[in-house]
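S.K.: Below: one structure in structure tokens.
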Amino acid sequence: MTDETNTSIFDNAKQIAVSRRRFLGASAGLVAAAGVLAACGSDDDDASSSTGSGDDGSSTSTTGAESGGGDASGDLAIAKVAAGLEVLAVGTYTAALDAAGSGALGEVPPAVGEFVTTAMGNHQAHLDAWNKVLADAGEAEVTEPNADLKPVVDAEFAKVTDVAGAAMLALMLEEIAAQTYLKVLPTLSSPEAIQLAGSIQVVDQQHQSVLLFALGQYPVPEVFQQTDKAAA
């Protein structure tokens, strides 16, 4: 990357910096929304758990990840969840581009527009890859966003009035996606599914770093990535 490019990105980042008060206020709303999304994932985990008896008569329990992972059917179930997240990401980035084009987000720095376009293309490619996994297995492709997350994301998007707000919403989505991929990696069985999930997870983390930098935050805030916001 050239010095000229670095300067351009830095200048554009400064253009979308928000005041501490506005940033913390908007962050509080998104943190609350992320909590709701995490709760949705927790509810799904609870609903998918089952209890039975072991050979010695003792009570045993399994979670959906434990019972579903490690075989082909488990991989396909995860592929459907992943595809639903990717549909949601593509739709949200598309809506952000439309809002920017209509002037609803105010002045949009060129670097931001380029990021949104690139990230949207990345998520579309991820969706196509997961749908290929499903199609190759004789399953229907996923075309609808995750039903639990979409209403929450839509409600938060309705509050977005500027580029900074859109960036923060995108950051929340990227965090959920990356943490979901990290959480499901140990439950996948096929090398192809493991490689696909891992290769997407790192790209979502890269998206997070760009968004954090643009929002004036340190781009790699965690020593180890967490999974508390995972959707599966």
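The values are calculated or read from the model by the stated rules, or taken from the named source; none is laboratory data. Predicted model only: the values in this text are computed from it and were never measured. For neighbour counting, all protein chains shown are included, and Cβ atoms are generated from backbone atoms with ideal geometry for every residue, glycine included. We work out accessible area using only protein heavy atoms, side chains counted, and drop any ligands, DNA or RNA first. Shrake-Rupley method; radii C 1.70, N 1.55, O 1.52, S 1.80 Å.
S.K.: Quick one: which of THR180, THR187 is crowded, with 23+ Cβ neighbours inside 10 Å and more than 16 Å from the chain's Cα centre (by Cα)?
M.R.: THR187
S.K.: Taking VAL152 as meeting all but one of (1) in contact with a Leu (Cβ under 9 Å, 6 or more places away or on another chain); (2) assigned to a helix (DSSP H, G or I); (3) open to solvent by 30 Å² or more (accessible area, probe 1.4 Å), write down the number of the exception.
M.R.: For VAL152, the failing item is (3).
S.K.: Assess whether ALA119 counts as being over 16 Å from the mean Cα position of the chain (by Cα) and assigned to a helix (DSSP H, G or I).
M.R.: Answer is no for this residue.
S.K.: Would it be correct to say that GLU114 is surrounded by fewer than 20 Cβ atoms within 10 Å (Cβ to Cβ), in a helix (DSSP H, G or I) and either more than 17 Å from the chain's Cα centre (by Cα) or modelled with pLDDT of 95 or more (or both)?
M.R.: Considered against the rule, which asks whether it is surrounded by fewer than 20 Cβ atoms within 10 Å (Cβ to Cβ), in a helix (DSSP H, G or I) and either more than 17 Å from the chain's Cα centre (by Cα) or modelled with pLDDT of 95 or more (or both), GLU114 comes out as yes.
S.K.: Show the residue pairs that are 6+ apart or on different chains and have beta-carbon atoms under 8 Å apart, the first residue being within region 86-108 and farther than 25 Å from ASN146 by Cβ, the second being assigned to a helix (DSSP H, G or I) and open to solvent by 40 Å² or more (accessible area, probe 1.4 Å).
M.R.: Hits for this filter: GLU107/GLN15.
S.K.: Another question, if that's okay. In region 190-204, what residues are touching a residue at least 24 places away in the same chain (Cβ under 8 Å) and open to solvent by 70 Å² or more (accessible area, probe 1.4 Å)?
M.R.: Passing the criteria: only GLU192.
S.K.: Have a look at GLU86, GLU141 and point out the one that is outside any helix (DSSP H, G or I) and touching a helix residue (DSSP H, G or I) at 6+ places or on another chain (Cβ under 9 Å).
M.R.: That would be GLU141, the only listed residue that is outside any helix (DSSP H, G or I) and touching a helix residue (DSSP H, G or I) at 6+ places or on another chain (Cβ under 9 Å).
S.K.: Select, from LEU134, LEU173, LEU196, the only residue that is under 16 Å from ALA95 (Cα atoms) and in a helix (DSSP H, G or I).
M.R.: Checking each option against the conditions leaves just LEU173.
S.K.: Residues being among the hydrophobic types (A, V, I, L, M, F, W, C), open to solvent by 30 Å² or more (accessible area, probe 1.4 Å) and either more than 18 Å from GLN206 (Cβ to Cβ) or under 14 Å from the mean Cα position of the chain (by Cα) (or both): count how many of those fall in region 101-111.
M.R.: Residues meeting the conditions: 2.
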